[in-house]
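As structure tokens, the structure follows; a few thoughts come after it.
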Amino acid sequence: METALVYDARLAAYDLGSRHPLRPERVTRSVERMSAYGLLGTTIETVAPRAASDEELLRIHTREYVEAVKKVGATPDRFFPAHGIGTPDTPAFSRMHEASALVAGAGIIAMEAVMGGRYRRSFSVAGGLHHAHRDHAAGFCVYNDVAVSIAHALAQDPHLHIAYIDIDAHHGDGVQEAFYAEPRVLTFSVHESGHFLFPGTGFPDERGEGAGLGTAFNLPLPPGATDACYRLAFERAIAPAVRAFHPDLIALQGGADAHHSDPLTSLGLTLTGYRWLVESVVRLADELCDGHIVAFGGGGYSWEDIVPRAWTMLAGALADVELPDALAQDDKEPLPADAEKRLLDEVEATIARLVQTAP
Ligand SMILES: [Zn+2]
């Protein structure tokens, strides 16, 4: 088997509460669906995660922050406003450190699976917590498993070049921040514009700094952006930027919250569009880096059905398995041609700005 799914039931302990939109069922139902489609144990091998060590977390996070997460998880009623914990977005919960370190460790295992040569592709389905910052939690994210895994890969092989593609509806701000000055990591986030959506960043003029200047890319999309907008973004901006970078490995944050039904966002991607997008990223990895790709879950709040379908399609794309079209079936009415044209023009103009701001 060439593809690893890093997962076990312990990952459901990352639970921000029964009223929180980031429900653990997003992940468990996705894995059930992958199993129902016969992917697991045939083309995809399930590999157990382990907890990230303090040393591994400290490559990205400050010691003070990690200690605060440990403390608040031992007495979850305590409020740590300085570290972003205890907010409605990221409430404290029991054993918060242990649950979050396991998600981060799952990402490390996914990275090692590919780097060690045992697998060509891997998927840490419970991961993708891209909003966590160096010294504070944000946007449902405690430890930044994506950044911790990429930093781990760089520690193993200092010559590695990693292209990170983030298709979550929200800007991948924490990952961008972690590697803003790092020339070995390209970050490309396509997301609903920060003028309309959390975290309010991710504009074309954010291009990296110092030795990393030119390795950060952001393509904010207007609300309602359709499959055709994503296609334009991928073909005209994402793929050329990643090709020019010559990565050894592609990391993909495959958040499913750009779907038109998502309750927290206002984009217009369909399941068919999502499938096209993730298959395109996999093909890009085939073209550029021997198929080496490490995928992460991410956001996605249509948790009962849409997210499990999206992540099953992502797993299918990673395993080169053609799944029935019914899985991608969507009920979205197409936009009137003039409305779609206006959106495409807007995306085109943003791509032009991205080209203009190239350092
Ligand atoms: Zn998101």
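The values are calculated or read from the model by the stated rules, or taken from the named source; none is laboratory data. Since the model is a prediction, treat every value here as computed from it, not as a measurement. Because the Cβ atoms are built from the backbone with ideal geometry, glycine has one as well, and the counts that use them run over all protein chains shown.
Restricting the first member to segment 292-304 and to residues that are hydrophobic (A, V, I, L, M, F, W, C), and the second to residues that are in a strand (DSSP E or B) and near the ligand (Cβ under 10 Å from one of its atoms), the beta-carbon pairs closer than 7 Å and six or more apart or on different chains are F296/Q253. Here is a check on your reading of the model: is S122 modelled with pLDDT of 95 or more, away from the ligand (no atom under 15 Å from the Cβ), part of a helix (DSSP H, G or I) and not aliphatic (A, V, I, L, M)? No: the conditions fail for S122. Checking each residue in segment 167-183 for being outside any helix (DSSP H, G or I) and either touching a helix residue (DSSP H, G or I) at 6+ places or on another chain (Cβ under 7 Å) or at pLDDT below 95 (or both) picks out I167, F179, Y180, A181, E182, P183.
Checking the conditions here, which among T62, T46, T42, T75 is of a type in the set (S, T, N, Q) and in contact with a strand residue (DSSP E or B) (Cβ under 6 Å, 6 or more places away or on another chain)? None of the others qualify; the one that does is T46. No other residue among A241, A310, A315 is more than 17 Å from the chain's Cα centre (by Cα), of a type outside the set (K, R) and assigned to a helix (DSSP H, G or I) apart from A241.
Looking at segment 247-255, is at least one residue part of a strand (DSSP E or B) and not aliphatic (A, V, I, L, M)? Checked against the condition, which is being part of a strand (DSSP E or B) and not aliphatic (A, V, I, L, M), segment 247-255 yields at least one hit. Among the residues of segment 25-81, those identified as under 22 Å from the mean Cα position of the chain (by Cα), of a type in the set (K, R) and in a helix (DSSP H, G or I) are R26, R29, R33. Exactly one residue among L354, L335 is touching a helix residue (DSSP H, G or I) at 6+ places or on another chain (Cβ under 9 Å), modelled with pLDDT under 95 and either in a loop (DSSP other than H, G, I, E, B) or surrounded by fewer than 17 Cβ atoms within 10 Å (Cβ to Cβ) (or both), and that residue is L335. When residues in segment 227-275 are screened for being within 20 Å of T215 (Cα to Cα) and away from the ligand (no atom under 15 Å from the Cβ), 19 of them pass. Checked against (1) more than 28 Å from F234 (Cβ to Cβ); (2) among the hydrophobic types (A, V, I, L, M, F, W, C); (3) surrounded by fewer than 24 Cβ atoms within 10 Å (Cβ to Cβ); (4) within 16 Å of the ligand (Cβ to nearest atom), F140 passes all but a single condition, namely (1). Reported count of residues in segment 277-318, each being within 16 Å of the ligand (Cβ to nearest atom) and crowded, with 24+ Cβ neighbours inside 10 Å, is 12.
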